[in-house]
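Everything below concerns the one structure shown next.
The values are calculated or read from the model by the stated rules, or taken from the named source; none is laboratory data. This structure is a prediction, so every number in the text was calculated from the model and none was measured. For neighbour counting, all protein chains shown are included, and Cβ atoms are generated from backbone atoms with ideal geometry for every residue, glycine included.
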Amino acid sequence: MRRVILCFLLCLAVLPWNSSGAQAQVSFDCEDPLIPNATPAYFLGQGNVFVEQGQYARAVEAYSCAIEGDPSYAPAYAQRAYAYAVMLDDQSALADYDQAIALNETLVDVYINRGALYTTLGNFGLAIGDFSLALALEPDNAAALNNRAVVHAIEGNYDLALADVNAAISASPDYVASYATQAAIYTALANQSYQTFVDRGGAHARLPAGQPVNVMSAIDTSQRTDDFGIWLRLQVPAGQ
Amino acid sequence: MIRRLFISLVIAVLSIVPVLAQTSEEEELPECPIFENEATDVRISYYVGEGLGYQRSGQLTQATESFDCVVLVIDPSYVPGYMLRGAILAQRRLLEDAVDDYTSAIQLDSSLIAAYNNRGVLNMALQEYEDAEADFARTLELNPDFIEGYNNQAILSALNGDIEGAIGLLETAISRTDIASILEDLKDPERPDDAEFPEFDRINARPYALMGIMNSLKAMQNYEDYITLTRNNADGRIGSAAGMLESQFTFELRLDDGSWLLRADYDPFNQ
């Protein structure tokens, strides 16, 4: 008999915290914060978890709670704008970015994210303007440099693009996105050079090392194996 | 058969709890870069919100890290941080670490009833029954109307074989509120059908549920005594009734998942 009592009471004793897990699927609302003197940042914390989980609509709700608590809280507009942008609600995103900057014109990340949105929308001039404003506030901001490089590249200004991306790499060697951007810019330059070869050599001119995609592959092999054969194919004799 | 099930459950629980308790992780200072240059209340608010977000989505390790930021980095004297982290650690079955957090909360605020109550529940799980008893007793010293304290103390009492004592505690709990008169009113045959259902704290009704279980345990003990005395000559109907009662414990009351009975209050401010 005692064993039965012992069993069920111990079962109870190790399980009391299970019930709170049931809250996982409850929809988000502007609950009273669980702590006294909470600031709107409380809802930002919750919203950022939703963003991390890809639950952008719920993140918007959480950020809206922060704004409801303090309509002049710029970081909430900034975060909500980002969530709207991911949800492809461009107009709401722009409105929130604008509001965030109106409330606090020193929010570097807002300029960067609004610039990225402008880039997506094809407003390259406005995008460059936002990245430049971010860089005026933080000259070594790798994301702003990288993103401005991307816009320069889109516009075909590869020298400016390389200057920005190289500055980004110098400023933050561990910021890996810049290396991918740099590679893409060099790829664009490579295509541009091949096009020049074709333009000047004529339609039937034979590429000495083969098609660009094959050259890329051969150079990759060369770098891994020290087989420099691909480079030899690019040499030319004098007087030809 | 049922008895063997209970025995194996006891063994399972007894063997699992210490193992779970030993899996605690060493505390390392986390990186907490968000709002690093903002005021303390902003940083605390952010990481508490973040921690609750993780907790509600079942990401308990990340939730712990958020509350680590609160109590290890931002403000080691922030009592709610320990309470909240303690609840997460308990969910993760890091029971001893959770006890440590409630102890920290108590050291900072010795009047925090929820901390004593939650620590008492954990001490029960860790089979530290004397510590659990002291914790529940302290909740009632601090607030003689703290019904959860009576409920939990009654369960502890039953665990120690004192079912009569448990029933006494539950009767005291009932007497501390107006729940008995509410019940009487609800059972009044003259009560109009369209009368509004009264509002009351549901926790005040729980002593009745627990008392039902205690009385069932007493009944089962009586049946077992009868069966022991009569052996093969026992009346089959009594044997059947005893079996049904045991089945009730297993299937209807779902005592294998009886979290609804023993309460730990997660909200340090909801007292």
In the stretch B:151-173, residues that are under 18 Å from the mean Cα position of the chain (by Cα) and within 21 Å of B:ASP201 (Cα to Cα) total 9
Condition check for A:VAL198: surrounded by fewer than 19 Cβ atoms within 10 Å (Cβ to Cβ) and either part of a helix (DSSP H, G or I) or in the same structural domain as A:TYR82 (by TED's automatic domain parsing) (or both): yes
Based on this model, can you work out whether A:ALA167 counts as without any contact (Cβ under 8 Å) to a residue 60 or more places away in the chain and closer than 19 Å to A:LEU117 by Cα? no
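Listed here are the residues, each with its yes/no results for (1) surrounded by 11 or more Cβ atoms within 10 Å (Cβ to Cβ); (2) under 28 Å from A:GLU155 (Cβ atoms).
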| position | (1), (2) |
| --- | --- |
| A:GLN192 | yes, yes |
| A:ALA205 | yes, no |
| A:ILE219 | yes, yes |
| A:TRP231 | yes, no |
| A:PRO237 | no, no |
Whether any residue in the stretch B:66-73 is surrounded by fewer than 19 Cβ atoms within 10 Å (Cβ to Cβ) and assigned to a helix (DSSP H, G or I) is what I want to check. yes
Residue check for B:ARG85: surrounded by 24 or more Cβ atoms within 10 Å (Cβ to Cβ), more than 9 Å from chain A (Cβ to nearest Cβ) and charged (D, E, K, R): yes
Of the numbered conditions (1) over 11 Å from the mean Cα position of the chain (by Cα); (2) closer than 29 Å to B:ASP68 by Cβ; (3) outside the structural domain of B:SER57 (by TED's automatic domain parsing), B:ASP101 fails exactly one; give the number of that condition. (3)
Taking the stretch B:228-270 on its own, how many of its residues are acidic (Asp, Glu) and at pLDDT 65 or above? 2
Just one of A:SER170, A:SER193, A:SER132 is among the hydroxyl-bearing types (Ser, Thr, Tyr) and either in contact with a Ser or Thr (Cβ under 7 Å, 6 or more places away or on another chain) or at pLDDT below 95 (or both); which is it? A:SER193
Identity of the residue in the stretch B:66-82, closer than 15 Å to B:ASP97 by Cβ and either of a type in the set (Phe, Trp, Tyr) or at pLDDT below 95 (or both), that ends up farthest from the chain's Cα centre (by Cα): B:PHE67
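Rundown of residues vs (1) touching a residue at least 24 places away in the same chain (Cβ under 8 Å); (2) within 30 Å of B:ASP109 (Cα to Cα); (3) outside the structural domain of B:ALA242 (by TED's automatic domain parsing); (4) of a type in the set (Ser, Thr, Tyr), yes/no style:
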{"site": "B:PHE136", "(1), (2), (3), (4)": "no, yes, no, no"}
{"site": "B:GLU141", "(1), (2), (3), (4)": "no, yes, no, no"}
{"site": "B:ALA166", "(1), (2), (3), (4)": "yes, yes, no, no"}
{"site": "B:GLU184", "(1), (2), (3), (4)": "no, no, no, no"}
{"site": "B:ARG206", "(1), (2), (3), (4)": "yes, yes, no, no"}
{"site": "B:ALA219", "(1), (2), (3), (4)": "yes, no, no, no"}
{"site": "B:ASP225", "(1), (2), (3), (4)": "no, no, no, no"}
{"site": "B:THR228", "(1), (2), (3), (4)": "no, no, no, yes"}
Hey, among A:TYR118, A:TYR186, which residue is of a type in the set (Phe, Trp, Tyr), farther than 23 Å from A:LEU88 by Cα and not assigned by TED's automatic domain parsing to the domain that holds A:TYR84? A:TYR186
Please enumerate the residues belonging to the stretch A:34-56 that are facing chain B (nearest Cβ under 8 Å), surrounded by fewer than 20 Cβ atoms within 10 Å (Cβ to Cβ) and not aliphatic (A, V, I, L, M). A:PRO36, A:ASN37, A:GLN53
Would you confirm whether any residue within the stretch A:79-94 is surrounded by fewer than 16 Cβ atoms within 10 Å (Cβ to Cβ), modelled with pLDDT of 95 or more and not assigned by TED's automatic domain parsing to the domain that holds A:GLY45? no
